[in-house]
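Contents: one structure, followed by commentary.
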Amino acid sequence: MKRFRTLAWILLAAILALSLAAGFLPGFSYTEQHREFISAGPSRHFPLGTDDLGRDRLVRLLCATRISLLLAAAAALGALLLAVIVGGAAGYMGGWFDSVMVRTVDLMLSLPWLFLLIAARALLPLDAAPETSLLVTYFLLALLGWAAPARVVRAGVRSFRQSDFVMQARALGCPEIRVLVRHILPNLRPVLLAQFWTSIPIFILAEANLGFLGLSASEPFPTWGNLLRELQSPVMVRPESFAPVAAVVLAVLCFKFIAPWGGSQV
Amino acid sequence: MPHIWAIKIARKLAAVGATVLVGGLLTAALVRMSPGFDSDERLLDSRLDGASRAAIRAEHAANSNIVSFYAHRLAAMLHGDLGQSPSLRRPIGELIVDRLPVTAELMAAGVVGGWALAFALALPAVICRRKLASQVAGTFSTCMLCLPPAAVAVLIFAWGGPVRIIVALVLFPRLFDYCRNLLADAYARPHIVMARAKGVRPSRILLRHVLPVSAPQFLALAGVSVSMAFGACIPVETLCDLPGLGQLAWKAAIARDLPVLVCLTMMITVVTQLCNSASDGAAA
């Protein structure tokens with residue numbers, strides 16, 4: 001398992017480095033249209049061919065990799081931050097706030113996530129600017145993905161609340177917020193890291209699903225989700241069209257091996 | 001004793017009711033506050049005269065106060081009137097009744113197939129002493145888990161595969177890990193190890209010793225799997241053009257159809273909460 005984990009780290013770092021480095025290459029543009037090479041097959045100039053607008057598929061895939069990986073990680077971080085604030089406060093304060101939080105988390109976890117995402121994403125105008133739609137998609141992922149980590153954080157905080165070191169800190173007159181931030185949360189670091197690594201592939205898959213349904217970032221921004229849309233028209237499907245699928249599978253697989261407990265929550 | 005049970009059931013039902021009401025209100029509030037809610041594509045129709053336009057605007061104005069809209073909607077729902085879909089221009093009750101069988105069939109096939117597949121692969125993975133069975137099952141499950149459900153739907157649909165197995169294939173990897181862990185935990189218990197050592201038939205061990213031990217956890221997971229199945233139905237129905245509730249949810253979301261979204265959210269909340277409560281009750 002450790003071997004697989006190391007391999008996953010190397011592979012993921014290589015994919016990310018490649019997608020980041022490609023941005024510095026001359027002529028790297030995901031919007032540039034080669035009108036004379038529309039829907040061209042793989043060639044020396046276009047290793048993955050071009051799409052129906054003559055855009056280089058490889059360039060778009062690399063750019064999508066960069067956007068999807070970095071923004072999924074940012075969304076996971078946002079969701080975790082929200083989970084720490086809400087779950088930490090609920091677990092530490094207890095009482096009515098805890099009860100309300102538990103009910104809210106139950107409600108959010110009982111509803112199908114994709115339904116919530118679709119409903120929330122559709123609240124925005126469909127003609128929103130591409131940058132806005134891209135940021136909003138990942139912002140929504142962070143906003144809706146806090147419930148499961150919040151439950152874990154709450155349970156962790158509750159288990160530490162009555163521990164000896166917390167009692168001692170309180171007895172010494174340490175302010176409550178300091179007890180939570182300086183004494184309890186650092187002890188939850190392994191749990192928080194596990195939640196972070198398991199949230200990223202969940203967000204990648206959620207974005208891919210939204211992209212398929214046309215509710216992810218709008219064109220011309222490439223994300224793994226909207227690159228996968230090409231598979232919807234069987235006439236256009238070629239072997240190279242499956243490259244985004246391979247990229248998603250590879251990335252999620254890497255995260256599954258990297259995440260503690262084998263990413264069983266994915 | 002029956003008195004305690006009655007109180008417990010009443011409290012559970014009250015919690016489900018409150019959750020459903022809050023869920024519906026939140027959905028209504030979110031959709032109402034979304035940008036562009038007041039715009040209506042019917043107003044772009046140049047054939048409409050002033051009176052028709054005024055009627056459409058009045059229709060929107062009636063929905064502007066979210067609390068009164070929700071209260072009015074709830075009162076109507078209690079009388080069996082789910083309202084009219086502004087985008088599809090049909091009664092919501094009729095839309096749900098028409099589409100429910102498609103989704104129910106898809107979900108039933110998905111839940112049964114997903115559980116059967118997860119169990120069929122988890123059991124040999126746990127029972128067989130050779131690691132190969134476990135590794136093959138684990139690899140298949142992991143690969144399926146890494147594929148977005150929408151991609152599975154499109155690939156099977158495009159290759160002419162049976163649409164009913166898509167939800168099962170999406171659900172199975174999410175159940176497999178839990179099934180394998182629960183079975184491994186049960187098979188490691190001392191009395192089951194003893195039964196195996198004594199040569200008790202494997203089927204008897206499974207049915208008489210393993211399943212009763214793991215039943216509460218399996219039942220809890222069964223409740224969650226219904227919600228998972230509905231989540232999987234949305235892309236499957238949308239991409240495979242199946243006229244079910246998942247497709248209706250997607251269409252309503254795209255068209256910002258507030259009454260349909262509120263009804264669907266409440267309906268899904270009721271179903272998932274009842275499934276979870278039923279599985280919790282059965283496990284208890």
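Largest GNM mean-square fluctuation among A:THR65, A:THR223, A:THR132, using chain A with Cα springs under 10 Å: A:THR132. When the charge dipole of chain B is built from unit charges on Cβ atoms (+1 for Lys and Arg, -1 for Asp and Glu) and taken about the Cα centre, the candidate among B:TRP159, B:LEU82, B:ALA109 whose Cα reaches farthest toward its positive end is B:ALA109.
Projected label points at B:ALA133 and B:GLU105, each 7 Å from Cα along the beta carbon direction, are separated by 3.6 nanometres. Within the listed set B:ARG164, B:ARG73, B:ARG189, the residue fluctuating most in the Gaussian network model of chain B (springs between alpha-carbon atoms under 10 angstrom) is B:ARG189.
Within 10 Å of the Cβ of each residue in A:244-257, the mean number of Cβ atoms contributed by other protein chains is 3. Take the Cβ atoms of A:GLU32 and B:ARG208, set R0 to 51 Å, and the FRET efficiency comes out at 0.15. Put in line by how crowded their Cβ is, counting other Cβ atoms within 10 Å and starting with the fewest, B:HIS3, B:HIS60 read B:HIS3, B:HIS60. Each Cα pair under 8 Å and six or more residues apart adds its separation to the average, and for chain A the resulting relative contact order is 24 percent.
Net charge of the neighbourhood of B:PRO91, taken over other residues with C-beta under 11 Å away and scored Lys/Arg +1, Asp/Glu -1, is -1.
Of all complete DSSP H helices in chain A, those with a Cα span along the helix axis of 27 Å or greater and a mean Kyte-Doolittle hydropathy of -1.0 or more are A:2-22, A:57-93, A:189-212. Ordering A:LEU228, A:LEU144 by the number of other Cβ atoms within 10 Å of each residue's own Cβ, fewest first, gives A:LEU144, A:LEU228. Shielding of peptide A:206-215 by partners, expressed as the average count of other chain Cβ atoms within 10 Å per residue Cβ, is 5. Could you tell me how many degrees, from 0 to 90 and to the nearest 10, lie between the Cα long axis of helix B:211-239 and the main elongation axis, the longest principal axis, of the Cα atoms of chain B? Helix B:211-239 and the main axis of chain B meet at about 40 degrees.
With springs only between Cα atoms under 10 Å, which of A:ALA14, A:ALA74, A:ALA155 fluctuates most in a Gaussian network model of chain A? Largest GNM mean-square fluctuation: A:ALA14.
The amide H of B:GLN84, built 1.01 Å from its N in the peptide plane, has B:ILE92 as neighbours under 5 Å, considering only residues 5 or more places off or on other chains. For chain B, the longest principal axis of the C-alpha atoms and the axis of helix B:149-158 are separated by about 90°. The A:ASP164 and A:ILE85 beta-carbon pair, evaluated with R₀ = 35 Å, returns a calculated FRET efficiency of approximately 0.85. Around A:VAL100, what is the net charge, scoring Lys/Arg as +1 and Asp/Glu as -1 over all other residues with Cβ under 15 Å from its Cβ? Local charge sum for A:VAL100: +1. I'd like the FRET efficiency for B:ALA255 and A:LEU250, computed as 1/(1 + (r/R0)^6) with the beta carbon distance as r and R0 of 25 Å, rounded to 0.05. Calculated transfer efficiency: 0.10. The convex hull drawn around the Cα atoms of the protein assembly as shown, when projected onto a plane and averaged over every direction, covers 32.5 nm². For the segment B:131-142, counting C-beta atoms of other chains within 10 Å of every residue's C-beta and taking the mean gives 1. How about B:LYS131: which lysines have a C-alpha closer than 29 Å to its C-alpha, ignoring those fewer than 8 places off in the same chain? Filter leaves A:LYS2, A:LYS256, B:LYS198. Taking the alpha carbon gyration tensor of chain B, multiplying each eigenvalue by 5 and rooting it gives semi-axes of 45, 25, 13 Å, largest first. Taking label points 7 Å from Cα along the Cα-to-Cβ direction, B:LEU13 and B:ALA71 give a separation of 2.6 nm.
Since every read-out is calculated from the coordinates, none of them should be taken as a lab result. Given the structure is predicted, the values throughout are model-derived calculations rather than measurements. Virtual Cβ from ideal backbone geometry, glycine too; neighbours counted across all protein chains shown.
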